[in-house]
Amino acid sequence: MMRRRLVMQNETAKPAVRRFPFFSSVRWKLLVVYLLLILFAMQLIGAYFVQSLHHYFVDAFERSISQEATFLSSTLQPTLGANRPLGFYSRDLVHAIAHISNATIYVLDKDGNVLATSGNPYLVGLKRVDPEVTSALLGLQDTQIALDPSTSQRQLYFSQPLHFHGQIVGAVEFVAPMQSVDHSISIITLLFATGTLLALALTAFLAVIIAQTITGPISAITQRTRELAAGNFDSTVQVRSNDEIGELASTFNMLTRRLQQSIANTEQEKGRLQAVMSNMSEGVIAVDRKFRVLLLNPAAGRLLGRAPEQLVGEFITSHLDVDGDRTEPMIIDLLGRFVEVSLTALQRRSSRAESVEMREDFGGYLIVLRDVTAETRLEESRKRFVADVSHELRTPITSLKSYLEALLEGAREDPVTEDKFLRVMERETDRMARLIRDLLQLSRFDSGYEALHCEPVPVEVLLHRVTERFSLLAFQSNIQFITKLSDTGVWIQIDRDRIEQAIDNIISNALKYTPSGGKITVDARMDESKEWVMLTISDTGSGIDPRELPHIFERFYRVDLSRARQLGGSGLGLSIAKEIIEAHGGTIRATSARNEGTAFVIGLPVCEGEIEDEHA
């Protein structure tokens, strides 16, 4: 079974595509190396040879021209020194030497004027201004090699001064084409290149023979390795020599035996691991570096809602939001349950001889899933209860503190004011007691089991109570607090404490975000249908970005997180207000803009029928 499994894995693996099969063989690599070495050596020798050959021919050509110029100079010096014109003998001598050297000769006087030439006779009497002529008239022998623009051939320009009794009486200039020299060099270079190619061909033949003797045993070991990869662990290599290749064959045979033992141990460990994972309550998933599922236990399949065999090979990222850079445990919502996900990188085993890059490599990740639904829900309920209590008790405690400070600062000296303040404090204390009792039942709002204690309340009484609670707080914050009532005698069926709680939450937020010198307005009026009381609470505070308005009624949502924490906000006030208003069958919405303030519009249905005004 073990061998058969390895064979199946080998059949599913596709061989790598070789882009350059010619260079994938050691035999051809050795051949190419030999050829490149020979070619490099012969190139160096050839470059040195051609350069030396060029210098030899050019130097010989220059010496030949120099000897002919010296002979001609010794013949013409007496004539030019005596300032006599050149005779027929001298002119014939110039033509004869020009014919022998295949050069154009110019005989010049001390001013550079042409006295005789083997070339164009119309140049006689004209002045030569070539740099080499100028150097010769200055007493210097000059040699230049330049390209003739008309023939595109190299030419040798040689000039020599003519001396007579220590005086420069003229000069001779030779202009000789170097076509014969270049031709000779080209023929010899061609012969050398032909020899190089023949040497390369012979070297290639010898390199093939040498490479075959080296790579033959290696090919045999490679064939046995393929059989080993296919699952044939009985395949061995015959050791034919005691050199490095023979040692390689012996090592291969030892590796085969150890591999058989390792695979047997691996199968045994795999069986133990499967037994442990099958009986674990936590889900365990092993993935590779690309988060493809390699192995998982039945518990993980149950948490993911899939059979384990269906998940093998899939990417776990399509089921879980995991990331290799985030290894801290996290809790996610998985199929309606809270699951704690832990991610651990699987480091590969390494030896001391391996490099740092190999030791830092890893084989994938291990993901552990633990069902923490019960613990999470209990913790969320506790946090929600604590947050609600801390938020809802803040407003009445603040109001009590304000009135107490006013009494301590002298308001108690006025009996009427003292009595009024004490009554307000009494109401706030009673309201705190009710809030503590009601907050214990706040969680029942979501389930629909919380009953409202509704009673008919006139709108003007509701506004009056709001004014009593917040006018002093607004005054202390240097904020103008205004209440408006457009329609009187309007009654609404509400749970007074709950509605006041909702209004208090909104006004408390307005006090927090309205700067000194601002204004808060509470306006109550009937809508056009006369069936709804629209209570508008507006301020001139910092406002809310319109993009965040759809989220302000979400629980724990804060528009400005840092500032909300600084001001003590918990993010529950508006969500609680919304729950209370909707429980009364009302509506609530908000409009705002940055730096233009915020307005909350609460709609409550009007009581049907006539109600006796017991508060009049």
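Of Lys401/Lys484; Lys383/Lys530; Lys420/Lys530; Lys512/Lys578, which pairs sit farther than 31 Å apart, going by alpha carbon to alpha carbon? Walk me through the numbers on the way to the answer.
Values: Lys401/Lys484 27 Å; Lys383/Lys530 42 Å; Lys420/Lys530 35 Å; Lys512/Lys578 19 Å.
Cα-Cα > 31 Å for Lys383/Lys530; Lys420/Lys530; rest within.
Rounded to the nearest 10 Å², what accessible area does Leu378 have for a 1.4 Å probe in the complete protein model?
Surface accessible to solvent at Leu378 totals approximately 130 Å².
Quick check for you: with a 1.4 Å probe and neighbouring chains kept, what is the accessible area per residue of region 48-185, in Å²? All intermediate terms of the calculation are to be shown ahead of the outcome.
Details: 7630 Å² over 138 residues.
With all protein chains present, region 48-185 gives 55 Å² per residue.
Please list 3J(HN,Hα) in residue order for region 273-288, calculated via the Karplus relation 6.51 cos²θ - 1.76 cosθ + 1.60 where θ = phi - 60°; whole Hz, with x for glycine and proline.
5, 5, 5, 5, 5, 5, 9, 7, 7, 7, x, 10, 10, 9, 10, 8
Taking the alpha-carbon distance from Lys127 and a cut-off under 20 Å, which lysines remain once sequence neighbours fewer than 8 residues away in the same chain are dropped?
Lys110
Could you tell me what percent of the accessible area of region 122-241 is made up of carbon and sulfur, with a 1.4 Å probe and every protein chain present? Can you show the working numbers first?
On the way: 4460 of 7010 Å².
C and S fraction of accessible area: 64 percent.
Per residue, how large is the accessible surface of region 233-275? Use a 1.4 angstrom probe and give square angstrom.
Numbers: 3270 Å² over 43 residues.
Averaged over the residues of region 233-275, the accessible area is 76 Å².
I'd like the accessible area for Tyr106: 1.4 Å probe, protein heavy atoms, all chains in place, Å² to the nearest 10.
Number for this one is 20 Å².
Mind listing the long-range amide H neighbours of Val372? Cut-off is under 5 Å, sequence gap 5 or more, other chains count too, H placed in the peptide plane at 1.01 Å from N.
Phe338, Val339, Glu340
Send over a whole-number figure in Å² for the accessible area per residue of region 451-605, probe 1.4 Å.
Ligands and nucleic acids excluded, the result is 45 Å² per residue.
When the solvent-accessible surface of protein heavy atoms is calculated with a 1.4 angstrom probe, in what order do His183, His99 fall, highest first?
Values: His183 110, His99 155 Å².
Ranking His183, His99 by accessible area, largest first, yields His99, His183.
Order Asp243, Asp142, Asp504, Asp325 by their accessible area, 1.4 angstrom probe, all chains in place, largest first. Kindly include the intermediate steps, with their values, before the conclusion.
On the way: Asp243 70, Asp142 25, Asp504 0, Asp325 140 Å².
Most to least solvent-accessible, the answer reads Asp325, Asp243, Asp142, Asp504.
Quote the accessible area belonging to Ser402 in square angstrom, nearest 10, computed with a 1.4 Å probe and with ligands, DNA and RNA left uncounted.
Spelled out: Ser402, probe radius 1.4 Å, area about 10 Å².
Check Val606: other-chain or 5+ apart residues with amide H under 5 Å from its amide H, H built from backbone geometry?
Trp532, Val533
The values are calculated or read from the model by the stated rules, or taken from the named source; none is laboratory data. Note that the structure is a prediction, hence the values are computed from the model and not measured. Note: areas computed on protein heavy atoms with side chains; ligands, DNA, RNA excluded. Shrake-Rupley method; radii C 1.70, N 1.55, O 1.52, S 1.80 Å.
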